[in-house]
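One structure is given below, encoded as structure tokens.
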Amino acid sequence: MVDESKPTEPDFSAVTSGSSSTAEEVPPVVPPAPEPRTYTVVPGDTLSKIAKHYYGQANEWSKIFEANKETIKNPDMIKVGQVLTIPE
């Protein structure tokens, strides 16, 4: 006969060590890549002036040049209206 006045303790005798989970593995959330910054060249601009504006140092002009090598053949000859990618 079972004594129902006492609550029964759970039986963990069949539990083994190790790890297991029934939860599905969820891939980490990856934020979308930021949109690239662009700048449209105006009269009087140079890569140095643009670099000074974005980076605080005119001597960082080569970053802009490297990011735009497909459209800038000579770093001393950028054209008004040209849209440049400004890397971070």
As computed over the chain, the Cα convex hull volume per residue (Å³) = 251
Subtract the Cα-Cα distance of N59 and N74 from 0.36 nm times their separation in residues, and report this length gain in nm to one decimal.
-> 3.8 nm
In the neighbourhood of D76 defined by beta carbon distances under 13 Å, the net charge of the other residues (Lys, Arg +1; Asp, Glu -1) is +2
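Only the coordinates and a few stated rules stand behind these numbers; no lab work does. This one's a predicted model, so the numbers in the text were calculated from it and none came from an experiment. Counting neighbours? That spans all protein chains shown, and the Cβs are built from the backbone with ideal geometry, glycine included.
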